[in-house]
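In what follows, a single structure is set out as structure tokens and then discussed.
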Amino acid sequence: MPTNQRTATDARVDVRKTYKLYIGGKFPRSESGRSYEVVDGRGRFLANASQGSRKDARDAVVAARAAFPKWAGATAYNRGQVLYRVAEVMEGRRAQFVAEVRAGEGLTERRAEAVVDAAIDRWVWYAGWTDKLAQVLGGLNPVAGPYFDISAPEPTGVVGVLAPQRSSLLGLISVVAPVIASGNTAVVLASELRPLPAVTLSEALATSDVPGGVVNIITGRTAEVAPWVASHRDVNAIDLAGAADADGVVWGDLELAAAENLKRVLRPAGEGVEAVEPDWTRTPDLSRITAFLETKTVWHPKGR
Amino acid sequence: MAKFEYAPAPESRAVVDLAPSYGLFINGEFTESQGGSAFKTVNPATEEVLSEVTDASAADVDRAVAAARRAYNGAWGRMSGADRGKYLFRIARILQERAREFAVLETLDNGKPIKESRDVDVPLAAAHFFYHAGWADKLEYAGLGTNPRAHGVVGQVIPWNFPLLMLAWKIAPALATGNTVVLKPAETTPLTALLFADVVQQADLPPGVVNIVTGAGATGQAIVDHPDIDKLAFTGSTGVGKMIARSIAGTRKKATLELGGKAANIIFEDAAIDQAVEGIVNGIFFNQGHVCCAGSRLLVQENIAADVERRLKRRLETLRVGDPLDKNTDVGAINSKAQLSRITELTDAGEAEGAERWDNGCELPAKGFWFRPTVFTGVSQTHRIAQEEIFGPVLSVLTFRTPQEAVAKANNTPYGLSAGVWTEKGSRILWMADQLRAGVVWANTFNKFDPTSPFGGYKESGYGREGGRHGLSAYVTTESNG
Amino acid sequence: MVSTTSTSAPSVDATARARDLLGVSRLTNAALTSWLHGLPGVDQVGCEGRAAALGTRSIKTTSKAWAIDTAISMIDLTTLEGADTPGKVRGLAAKALHPDPTDPSTPSPAAVCVYGDMVATAREALGQAPVNVAAVATAFPSGRASMPVKLADTRDAIEAGADEIDMVIDRGAFLSGNYLGVFQEIAQVAEACTRADGTRARLKVIMETGELVTYDNVRRASWLSMLAGGDFIKTSTGKVSPAATLPVTLIMLEAVRDWRDLTGEMVGVKPAGGIRTSKDAIKFLVTVSEVAGDDWLDPFWFRFGASSLLNDLLLQRQRMRIGAYSGADYVTDDSPSLY
């Protein structure tokens, strides 16, 4: 329910968008019934976003776990097709992404366009990896005996993702795409102050062929929800990228909670206890993919 | 009385020259402890005291880390990969030359049968150094990322079940990638690591590249907590693994953890049954079941369960339990009194929970720590003996009806280290291998290891891999763009 | 004479028992095929690994002495050459009677094994000594002859005084899936082993495992041979390589063990060919003990088909007796090479 009135330059009153959570392929409001104001770089109201709770995170983990076997078991070719389709849908929503990135990150139109272009290209880059990973990261092991011995990467499982706080679209995609490209499912805590591109991304995901539950996006206060994801026993790994600049978040505390079930932890960039948000415009490598992979080695005798 | 009684065939222990006490191997030489105490290490088969070793203090660990740092900043860090490789080749050769000595010492200190230390532990340890030696000057070909380089000083804490082999799994890749090492062997099995220090000297490795500090949990914690350690590698229990993960939370220390397991060994109705029985035996009675990837849960298809059980028990009656130095011993001593208590407690719980207990009834020596090969039938997923790692010669037998049920039961554990599948149907093997959430799947075989083959777990069995190209990645950093 | 067709009646007992075991009213090739193909498979690597592990047993002092004497007593001392003569066979018999003239406590081998035409010579040379005469028969070693010839070959040896018949199966028939044909051949030869007085020579069935190639085939051939009435299953003729390997013998020992579980009857096992050293022989005894069980550690149930093995066992025996290594000049050689 927008309260501030902008000067309408034309006669029509526009229809505004409601920003909701994305859990299990559906768009619920937070079970807590809470929302919070999202403002632009100059503090002007943009929207009311759902303020997700620990129970929303719990539901998201359930959805992600349920989606995992099928997504992990899909052919790599199929996952690549599905992910490429997301890029197509994003391209169709380019203007909306540009507007949201521009408003949220305080960029010029041209900068915002460049960021959205990079984000879509980033998605395409990761989409293309799905059916290359096993060959690049796996292979035959020449063991000293009459055995066929092969190692192949497999997804770790359900991955909690703290999306970057500043780079609300390019950063988001740079952390979500590598997680799901290999077959993991994700519970994403969107940028706390700039959540709108994440919600729009969820709409792109829902209208492409990504199965419900593969990506779940929670908006809200990172410091409130992240500890519940970090300590959740049914989450296999966590990406702490978004701990940088997150109000009230100490990444070491989250890693400590993650130790309880030996989650794989991708620490935030930076030195020592400091967490910094990296420059997401740099060309990525495989490290964000390999952080959430297991290597499975299979032995079989060779005999007549 | 059997017709064919095997006369005792003991391996001579004359090849081993034990000192009455050992210091710490720091900066290329044995040194006295600063403020540490001493403890005795015993032969678990006889309870005979073998030697006295140092319980290293935090100050000792600090000295060792400092020596490792100097070596890393000095000769080792500047050395070409080719030269590092040649040092590793030297170590591999010396291990082969002194194989008998290492095998006998390992058996004395650990209690494992000489045929295993002789045929498995020591040759595989040498093989690990050979394999990694060749990588030292080829790291840019390993596909690990751009410009792979060492972390720096690596702290390594290893368990008592494969003392020398675990040392090799840890030290070989660390040195091949250019790191320097502070390693702590397990408190009940320090002797082969101390003998390895002698190998390091014979190989003329620069001082400080490998440092061996003996001690118990506090010494390990001092390594884990030391601020100048860049990376930790640990093999041991999941409980300690979690402690380490907590200790390094919020730091920039890297870690690989190779932890516990409760592997399912799954036998289908169409299995090659005689080989499957061997696989079951090898899976759980190899090394007295002191194996993290042991096939401790036998999942057998219900329609052949009775036959498998009968064949298994008949086979277990031929297992020879006793003097680990006897070349015909199949099952040796339990490594320590504490471990024996743990096994006893869990097996008592198995009985109390209603599982049916059977053992092979073999005679056990009067002294030392011993446990008969034991099988529990009628075990349910909910029994402690089906859930907890016993780390002893105890097999829990469960049944299943369909492949899906087998997978569900196999995966129904916080662990995920290994699994076994026995079926003559190729497509079922591949399906099962896909479904099992475990780092190593042995199909129609079990407990096979090779330096080229990545080993490590899913879930609470830890993270990181050891062996192969994958194992190297834990010991290097690359230029990451995040 | 038995008719030449494969439909001629084999031993009634074997066929009736086979019908009973298979649960069929008529013994057909299809029934035999599904039964044999229903046996558990053999994983080659696992099987060879188990054999290799058994081969690492260290047999010392008293157990070694026992094993050497047991092995000697299990030998079928063999000469199967085109150049065999009565003189050669008499020499072999003499060797069987007094393996080590310097030590009368040395046990005798279980049998001498010769071609059919040498049975009478061997029988005469051995006299009343408790050393059996075994004859190879059924167009040994290839088995490529008509059934009447094979049966005549068998009867000829029996009539000449053979205590044991070592027949070969038709590997071609086996490999082409004609299990019923192989069954009938074995059953008919078993019947031909019955003497006029109603007593029977024991029948060893040579499967020529080197030509069967896979362990699955060895297992199936073993069960087929037992089903058809063989008293022994035997690896090889000695004319094909590989002959008696430890893994093949392991498979056969598993077969006789499981056969006894099924029927209550024991069948003997004879590895033949390629076992030349005491060390090897002891590995086989270890395997017998740990796989089939000590009941088979008896010359009645386990044999070695060998010639040079005996002298190596004697050398080892002398070493244990005199406490020093012996040499070839201290054991008698009754089968030196002709070439």
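Taking the conditions (1) under 20 Å from A:Val161 (Cβ atoms); (2) assigned to a strand (DSSP E or B) in turn, A:Ala47 satisfies each one other than (1). Take the conditions (1) outside any loop (DSSP other than H, G, I, E, B); (2) in contact with a helix residue (DSSP H, G or I) (Cβ under 9 Å, 6 or more places away or on another chain); B:Gly239 misses just one of them, which is (2).
Just name the residue that is nearest to A:Ile238 (Cα to Cα) out of those in the stretch A:7-64 that are modelled with pLDDT of 95 or more and of a type in the set (S, T, N, Q). Per the stated criteria, the residue is A:Ser53.
Counting the residues of the stretch B:370-405 that are in a strand (DSSP E or B), aromatic (Phe, Trp, Tyr) and under 30 Å from B:Pro113 (Cβ atoms) gives 1. Scanning the stretch A:60-95 for residues that are among the small types (Gly, Ala, Ser), closer than 19 Å to A:Trp129 by Cα and within 15 Å of the chain's Cα centre (by Cα) returns a single hit, A:Ala87. Looking across the stretch B:201-223, the residues that are in contact with a Phe, Trp or Tyr (Cβ under 9 Å, 6 or more places away or on another chain) and surrounded by fewer than 24 Cβ atoms within 10 Å (Cβ to Cβ) come down to B:Gln201, B:Ala203, B:Asp204, B:Leu205, B:Pro206, B:Ala216. Within the stretch B:258-274, the set of residues being within 10 Å of chain C (Cβ to nearest Cβ) and either farther than 20 Å from B:Ala433 by Cβ or surrounded by 24 or more Cβ atoms within 10 Å (Cβ to Cβ) (or both) comprises B:Ala271, B:Ala272, B:Ile273, B:Asp274. B:Thr318 meets each of the listed conditions (1) away from chain C (no Cβ under 11 Å); (2) surrounded by fewer than 23 Cβ atoms within 10 Å (Cβ to Cβ); (3) of a type in the set (S, T, N, Q) apart from (1). So which residues in the stretch B:423-463 are aromatic (Phe, Trp, Tyr), closer than 24 Å to B:Val308 by Cβ and either facing chain A (nearest Cβ under 7 Å) or surrounded by fewer than 24 Cβ atoms within 10 Å (Cβ to Cβ) (or both)? Within the stretch B:423-463, B:Trp431, B:Trp442 qualify. The helices (runs of 4 or more DSSP H) found wholly in the stretch C:7-77 and carrying at least 3 residues that are away from every other protein chain (no Cβ under 11 Å) and surrounded by fewer than 20 Cβ atoms within 10 Å (Cβ to Cβ) occupy C:12-22, C:29-37.
Scanning the stretch B:130-141 for residues that are closer than 23 Å to B:Thr478 by Cα and of a type in the set (Phe, Trp, Tyr) turns up B:Tyr131, B:Trp135, B:Tyr141. Applying the selection to the stretch C:164-202, what residues are assigned to a loop (DSSP other than H, G, I, E, B) and surrounded by fewer than 21 Cβ atoms within 10 Å (Cβ to Cβ)? Selection gives C:Ser176, C:Gly177, C:Asn178, C:Arg195, C:Ala196, C:Asp197, C:Gly198, C:Thr199.
Tell me, yes or no, whether the stretch B:80-94 has at least one residue that is in a helix (DSSP H, G or I) and farther than 26 Å from B:Arg149 by Cβ. Scanning the stretch B:80-94 turns up at least one residue that is in a helix (DSSP H, G or I) and farther than 26 Å from B:Arg149 by Cβ.
For B:Ala305, the conditions (1) away from every other protein chain (no Cβ under 14 Å); (2) more than 19 Å from the chain's Cα centre (by Cα); (3) more than 23 Å from B:Val407 (Cβ to Cβ) are fulfilled apart from (3).
With a requirement of 1 or more residues that are facing another protein chain (nearest Cβ under 7 Å), the helices (runs of 4 or more DSSP H) lying completely within the stretch A:212-304 that satisfy it span A:251-258, A:287-290. Taken over the stretch A:27-43, residues that are surrounded by 18 or more Cβ atoms within 10 Å (Cβ to Cβ) and closer than 11 Å to A:Asp56 by Cα amount to 1. The condition of being closer than 21 Å to B:Asp17 by Cα, small (Gly, Ala, Ser) and assigned by TED's automatic domain parsing to the domain that holds B:Pro159 holds for only one of B:Ala103, B:Ala127, that being B:Ala103. For the stretch C:203-225, does any single residue satisfy the condition of being at positive phi, of a type in the set (A, V, I, L, M) and either surrounded by fewer than 19 Cβ atoms within 10 Å (Cβ to Cβ) or touching a helix residue (DSSP H, G or I) at 6+ places or on another chain (Cβ under 7 Å) (or both)? Within the stretch C:203-225, one or more residues are at positive phi, of a type in the set (A, V, I, L, M) and either surrounded by fewer than 19 Cβ atoms within 10 Å (Cβ to Cβ) or touching a helix residue (DSSP H, G or I) at 6+ places or on another chain (Cβ under 7 Å) (or both).
Filter the stretch B:209-235 down to the residues that are of a type in the set (Gly, Ala, Ser) and touching a helix residue (DSSP H, G or I) at 6+ places or on another chain (Cβ under 9 Å), then identify the one that is farthest from B:Thr41 (Cα to Cα). Among them, the one singled out is B:Ala233. Those helices (runs of 4 or more DSSP H) of the stretch A:79-155 in which 1 or more residues are hydroxyl-bearing (Ser, Thr, Tyr), away from chain B (no Cβ under 11 Å) and touching a helix residue (DSSP H, G or I) at 6+ places or on another chain (Cβ under 7 Å) occupy A:109-127.
When the residues of the stretch B:465-474 are filtered to those that are outside any helix (DSSP H, G or I) and surrounded by 24 or more Cβ atoms within 10 Å (Cβ to Cβ), which remaining residue is nearest to the other protein chains (Cβ to nearest Cβ)? Among those residues, the one meeting the criterion is B:Arg465. Checking each residue in the stretch C:302-332 for being assigned to a loop (DSSP other than H, G, I, E, B) and in contact (Cβ under 8 Å) with a residue 40 or more places away in the chain picks out C:Arg303, C:Ser307, C:Val331, C:Thr332. Condition test on C:Thr102, is it modelled with pLDDT under 95 and away from chain A (no Cβ under 14 Å)? Yes; evaluated as a whole, the condition is true for this residue. Filter the stretch B:1-24 down to the residues that are within 14 Å of another protein chain (Cβ to nearest Cβ), assigned to a loop (DSSP other than H, G, I, E, B) and touching a strand residue (DSSP E or B) at 6+ places or on another chain (Cβ under 8 Å), then identify the one that is surrounded by the fewest Cβ atoms within 10 Å (Cβ to Cβ). Among those that are within 14 Å of another protein chain (Cβ to nearest Cβ), assigned to a loop (DSSP other than H, G, I, E, B) and touching a strand residue (DSSP E or B) at 6+ places or on another chain (Cβ under 8 Å), it is B:Pro8.
The set of residues from the stretch A:107-130 being surrounded by fewer than 17 Cβ atoms within 10 Å (Cβ to Cβ) and in contact with a Lys or Arg (Cβ under 9 Å, 6 or more places away or on another chain) comprises A:Thr108, A:Glu109, A:Arg111, A:Asp117. Does B:Gly420 satisfy the criteria of being within 9 Å of another protein chain (Cβ to nearest Cβ) and within 24 Å of the chain's Cα centre (by Cα)? Spelling it out, it is not the case that B:Gly420 is within 9 Å of another protein chain (Cβ to nearest Cβ) and within 24 Å of the chain's Cα centre (by Cα). Based on this model, can you work out whether B:Pro113 counts as in contact with a Gly (Cβ under 7 Å, 6 or more places away or on another chain), in contact (Cβ under 8 Å) with a residue 60 or more places away in the chain and within 14 Å of another protein chain (Cβ to nearest Cβ)? For B:Pro113, the condition - in contact with a Gly (Cβ under 7 Å, 6 or more places away or on another chain), in contact (Cβ under 8 Å) with a residue 60 or more places away in the chain and within 14 Å of another protein chain (Cβ to nearest Cβ) - is met.
Scanning the stretch C:259-288 for residues that are of a type in the set (Gly, Ala, Ser), in contact with a Ser or Thr (Cβ under 8 Å, 6 or more places away or on another chain) and crowded, with 23+ Cβ neighbours inside 10 Å gives C:Ala272, C:Gly273.
The values are calculated or read from the model by the stated rules, or taken from the named source; none is laboratory data. Note that this is a predicted model, so its numbers are computed, not measured. Because the Cβ atoms are built from the backbone with ideal geometry, glycine has one as well, and the counts that use them run over all protein chains shown.
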